[in-house]
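What follows is one structure encoded as structure tokens, with my remarks underneath.
The values are calculated or read from the model by the stated rules, or taken from the named source; none is laboratory data. None of these values were measured; they are calculated from a predicted model. Using ideal geometry, Cβ is built from the backbone for each residue, glycine included, and neighbour counts are taken over all protein chains shown.
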Amino acid sequence: MSNKSPLGRGLSSLIPNKPTQTTPSSGVSATTSQPHSSNTHTASPEILTQPYELEVSSIAPNPFQPRYEFRQEDIDNLAQSILDKGVLQPLVVTPVGNGKYQLIAGERRLRAAKKAGFGTVPVVVRTNVSDQDKAELALIENIQRQNLNAIERAKGYRDLQETFQLTQEQIAEKMALSRSSVANTLRYLTLPQSVQDALSRDVITEGHAKIIAGVSNPALQEKILENIIKHSLNVRETEKVAKQDPSKIMNTIEPEVKTWMSQVADTINSKVEVRKKGKRYIVTMNFFSEQEIERFSHYFKQDEE
């Protein structure tokens, strides 16, 4: 049984378990060393101080923040909690010179503290922080707190790939995941934008997305999404739809059209079939005697009168 941490180094190496907030008399004297600016990955960043109170105006966002969406309702709720109990866990920052700092972890807490009207927040200052450290630690924090949707997670992995040339195996090791899990998540970024939007808004689940990603035709992928939404399909039902003949999926008859055709069949007392070819609907009426045709034509005569 492996004793490996659930998420690589995780945040336990980043933040003390029970921080004690102290306020420096004139700034944070321990943070005056020059910031590390190399993009190459170095040894683990060093904790330079115990938690201090730092002015929020001196903290700039993490440029490698993987989270794209911050729901205002969540920020408001966290702001209320901070008003009641304060910021219980310090933010993590790194010095960038001229008394300024860059955020590594804690974007939601920073936004909520500003919303609550706090002028300062508790921070842990770290040195020797490379750009890769910033990207990895921000991604790990959000995953541990379950703050990222699947698309944001995929974009975070892609950034590690493209910016720092990490392989899927290396990303998997850092996130304590299987390589296949990383690969499957990255596949979401190949889906049509409509499917990505539905996944990021929780309209569909990752189970749905995996099935859609297994289909190569983008138009077919969008049609499967349309089926999921219209018919509230679960993952197993979606799997059945995806295994159908593509022409049947692409030419699915809308429920409203089926209802109308059923009403027509009841009205003329004859069998009515409808199929779709591209954007066209082809309606077939079956008559089994001259009398049925005559009865059908009677409806047109009534309209003319």
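Could you list all residues from the stretch 64-117 that are within 27 Å of the chain's Cα centre (by Cα), acidic (Asp, Glu) and part of a helix (DSSP H, G or I)?
Glu73, Asp74, Asp76, Glu107
A quick yes/no check of all residues on (1) farther than 26 Å from Arg158 by Cβ; (2) at pLDDT 85 or above; (3) surrounded by 20 or more Cβ atoms within 10 Å (Cβ to Cβ):
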position	(1), (2), (3)
Tyr68	no, no, no
Gln80	yes, yes, no
Pro90	yes, yes, yes
Val121	yes, yes, yes
Gln132	no, no, yes
Leu139	no, no, yes
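Picking from Glu273, Glu305, Glu290, which residue would you name as being farther than 30 Å from Ile212 by Cβ and at pLDDT 75 or above?
Within the list Glu273, Glu305, Glu290, the selection yields Glu290.
Looking only at the stretch 152-196, count how many residues are among the acidic types (Asp, Glu) and in contact (Cβ under 8 Å) with a residue 12 or more places away in the chain.
Total satisfying the criteria: 3.
Filter the stretch 95-108 down to the residues that are surrounded by fewer than 23 Cβ atoms within 10 Å (Cβ to Cβ) and either β-branched (Val, Ile, Thr) or not assigned by TED's automatic domain parsing to the domain that holds Gly119 (or both) and list them by number.
Val96
Of the residues that sit in the stretch 185-194 and are surrounded by fewer than 17 Cβ atoms within 10 Å (Cβ to Cβ) and not hydroxyl-bearing (Ser, Thr, Tyr), which one is nearest to the chain's Cα centre (by Cα)?
Here the answer is Leu189.
Here are Ala219, Ala176: which of them is exposed (fewer than 14 other Cβ atoms within 10 Å of the Cβ) and not aromatic (Phe, Trp, Tyr)?
Checking each option against the conditions leaves just Ala219.
Do we have Leu233 as aliphatic (A, V, I, L, M), within 23 Å of Leu139 (Cα to Cα) and surrounded by 12 or more Cβ atoms within 10 Å (Cβ to Cβ) here?
no
With (1) of a type in the set (Asp, Glu); (2) within 21 Å of the chain's Cα centre (by Cα); (3) assigned by TED's automatic domain parsing to the domain that holds Asn286 as the list, and Asp197 as the residue in question, which single condition is left unmet?
(3)
Checking the conditions here, which among Leu225, Leu220, Leu199 is in contact (Cβ under 8 Å) with a residue 24 or more places away in the chain and within 21 Å of Arg71 (Cβ to Cβ)?
Of Leu225, Leu220, Leu199, the one residue that is in contact (Cβ under 8 Å) with a residue 24 or more places away in the chain and within 21 Å of Arg71 (Cβ to Cβ) is Leu199.
Do we find that Gln221 is part of a loop (DSSP other than H, G, I, E, B) and within 30 Å of Ser200 (Cβ to Cβ) in this structure?
no
Looking at Glu162, Glu206, Glu173, which one is more than 30 Å from Pro51 (Cα to Cα) and not assigned by TED's automatic domain parsing to the domain that holds Ala242?
Result of the check over Glu162, Glu206, Glu173: Glu162.
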